[in-house]
Each structure stands twice: as structure tokens, then as C-alpha cells.
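Colleague: Please find one structure pasted underneath; my questions will follow.
The values are calculated or read from the model by the stated rules, or taken from the named source; none is laboratory data. The structure presented is a predicted model; accordingly, all values stated were derived computationally and were not measured. Note that each Cβ is placed from the backbone with ideal geometry, even for glycine, and that neighbours are counted across all protein chains shown. Calculation scope for accessible area: heavy atoms of the full protein, side chains included, ligands and nucleic acids excluded. Shrake-Rupley method; radii C 1.70, N 1.55, O 1.52, S 1.80 Å.
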Amino acid sequence: MTDKTMTLEQVVGRLRSGMTIGIGGWGSRRKPMALVRAVLRSEITDLTVVSYGGPDVGLLAAAGRIGRLVAPFATLDSIPLEPRFRTAREQGTLALTELDEAMFMWGLHAAANRLPFLPVRAGLGSDVMRVNPELRTVVSPYADGEEFVAVPALRLDAALVHLNRADRLGNGQYLGPDPYFDDLFCEAADTAYVSCERLVDRFGPDTVPQTLLVARHSVTGVVEAPNGAHFTSCVPDHARDEPFQRLYATTPWPEFAARFLSGKSEDDYQAAVRAWHAERAAEDAGPTRRDEQAGDTGPLGREEEQR
């Protein structure tokens, strides 16, 4: 069987400007951020991005790489509205196709099954139909005669997803509480690339079958990328890095990009993050050390000083 292991750079080398790229995960949860950062280090632009949006959308939008976004939302979870996405929308730098969450899911299902559309009830009676005038309805050919929204297939040129474990053949395993829709993204795409926290030789007989979310037949390449979902969560391997997410949300984009995204590799990014955390820890510990050096032993010490 084929060994599908690749590097981040090799994956990006197969992508092209103008492609429709699906990005797995949900909000600020289990996003393939190492792959997104690799895209940022390339010259790829004018992408149509299909995503349950989180910081993947924010980074690409802030860098001017998105031509059109297809999404039901863009959020950082603990921060309700993704700030870089909001700026891009306010400045009109990207077009938006906004779908209901269920419509989005059924669009992936249609693409995964190579159907042109699927009929759904979601969206009827809502402004989704008004803001997407290109959407059409269909009437059931059976006796019920019910009207449905004909949700078009969300066909992808490539999908990028991140999982907890993967083997060299392309099988991917999630270990957290939610599979999200990473399997649909892979099946809806012409090519699919899985990054993972850890590469394993194989999945043994003790593997719970339901955790094997992504099957090798739908995967083109696999990349081992420890901490590759940072700063989003990838439980149980790691939680969301909330302090760093707050930094991302509140730091002017040029300053954030210069410090964390100007390196030549993912290792440079991870090193910059570790350095920032070390600085933060030193700042938090600083006042305690100064108090000790001054001989301040707490309230009693201050009372003695006053006397």
C-alpha cells in the first residue's frame, strides 16, 4: 500500500491560486492551522474558502488570500465574532456566501456523493434566501408536493483537516468528543490532506472503529504536525491556547504577523509562540521576585517598614 506521508511544504506545493479549499474543524476547534500557516508562507491567493469558520478564515482574510468565503459563521468560540473576518467584511475585501449550518452540511453531503444538490428544509422562511438570490427551490415529485431548498454541492478542489492520529496510508483518527465534519470535507474534495498530532505505524485491533473518522481512500497526503492545530483546541492532546488567542484578537495585524508569521517554517512559528509564553511567565513572576529582593515578606513586613 502507498505511503502518503508528506511535508507541509509539499502539500502547499500542490495547491494553486484560485482554488476552492475546504478547511475542516469548527470555529476555534481542531483547525489545520499548520497547513493554513504554510499557505500563508506561499504566494497562493484568490481562494474560495469553504469552512465552519474560525482563525483559519481570520488569518487568510487578514493576509488578503480569500476571494470568496462560503461559511455559516466565523468565530473564535470564546470570542464570538472572528475579528479579522469582521475587519475584512467591513472593508469589503472578500465576498461572502452565508449559509445556514444545516445547509452547509448538506452541501458537503451532496459534494461527497457527487450530486449536484440535495433538497433540504433549512433556509426556508429565512433571510438566507434573500441574501443568496442564486439559491433555488424544488418541489417534491411525489404526492406531498413539498417545496425544498435545492442546496448546491460544495465541491472542493482540496480539503485540509487536522486529526489527533493518522497512519501512513491516510487513515485518520479523532480522539476528542466531536468528529465535526472532517470526513465530509475529505470526501467532497478532489484531493484531501490530513495533518495530525502524531503519526502511527498502524491502527491495531484495539482501536475503536468509530474513531477512525477519515478513510484512506479519500486522503491524498498525510503530514505529522505536532501542535499543528495551535492556537485552536485539539483535545485530548491540547486545549485551546486562550491567552494566545486573545493576543491574536487584540494585536494589530501587521504587528502579529511580523512576530509570529514572518518565519520560514512551522518550527519558527512554534518557537515564537514558546518565546511569547516565556516572556509572559517572566512578567507574571516579576513582581514576586522584586518583592523578595526588597525584603517584603507580606503585610507584616510592610507594617515593620511603616513603623
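Colleague: Restricting to the stretch 96-127, name every residue that is more than 19 Å from the chain's Cα centre (by Cα) and under 18 Å from residue 23 (Cα atoms).
Modeller: Those that are more than 19 Å from the chain's Cα centre (by Cα) and under 18 Å from residue 23 (Cα atoms): 103, 106, 109, 110, 111, 112.
Colleague: Give the stretch 215-238 a look and list any residue that's open to solvent by 70 Å² or more (accessible area, probe 1.4 Å) and assigned to a loop (DSSP other than H, G, I, E, B), or say none.
Modeller: 226, 236 - these are the residues of the stretch 215-238 that are open to solvent by 70 Å² or more (accessible area, probe 1.4 Å) and assigned to a loop (DSSP other than H, G, I, E, B).
Colleague: Six or more apart or on different chains, Cβ under 6 Å: which pairs go from a residue in the stretch 109-127 that's within 16 Å of residue 140 (Cα to Cα) to one that's open to solvent by 90 Å² or more (accessible area, probe 1.4 Å)? Could you list them?
Modeller: Listed pairs, sorted by first residue: 118/106; 120/106.
Colleague: Continuing with the same structure: Does residue 60 qualify as being among the hydrophobic types (A, V, I, L, M, F, W, C) and either touching a residue at least 60 places away in the same chain (Cβ under 8 Å) or touching a Lys or Arg at 6+ places or on another chain (Cβ under 7 Å) (or both)?
Modeller: no
Colleague: Restricting attention to the stretch 96-110, and to residues there that are hydrophobic (A, V, I, L, M, F, W, C) and not in a loop (DSSP other than H, G, I, E, B), which single residue is surrounded by the most Cβ atoms within 10 Å (Cβ to Cβ)?
Modeller: 108
Colleague: Can you pull out every residue in the stretch 4-37 that is outside any loop (DSSP other than H, G, I, E, B) and either without any contact (Cβ under 8 Å) to a residue 40 or more places away in the chain or open to solvent by 10 Å² or more (accessible area, probe 1.4 Å) (or both)?
Modeller: Passing the criteria: 5, 8, 9, 10, 12, 20, 26, 29.
Colleague: Taking residue 219, is it among the β-branched types (Val, Ile, Thr), closer than 29 Å to residue 152 by Cα and modelled with pLDDT of 95 or more?
Modeller: So residue 219 passes the test.
Colleague: Within the stretch 244-258, which residues are open to solvent by 100 Å² or more (accessible area, probe 1.4 Å) and either within 18 Å of the chain's Cα centre (by Cα) or among the charged types (D, E, K, R) (or both)?
Modeller: Passing the criteria: 246, 255.
Colleague: Looking at the stretch 188-209, which of the residues that are out of contact with any Gly (no Cβ under 7 Å at 6 or more places or on another chain), farther than 21 Å from residue 238 by Cα and not in a loop (DSSP other than H, G, I, E, B) is least open to solvent (accessible area, probe 1.4 Å)?
Modeller: 192
Colleague: Now for a different question. Pull out all pairs, ordered by first then second residue, where Cβ-Cβ is under 6 Å, the residues are six or more apart or on different chains, the first lies in the stretch 211-230 and is within 14 Å of residue 112 (Cβ to Cβ) and touching a residue at least 24 places away in the same chain (Cβ under 8 Å), and the second is surrounded by fewer than 24 Cβ atoms within 10 Å (Cβ to Cβ) and acidic (Asp, Glu).
Modeller: Cβ pairs passing all conditions: 213/183; 214/183; 218/187.
Colleague: From the residues in the stretch 111-130 that are open to solvent by less than 70 Å² (accessible area, probe 1.4 Å) and part of a helix (DSSP H, G or I), which one is nearest to residue 152 (Cα to Cα)?
Modeller: 111
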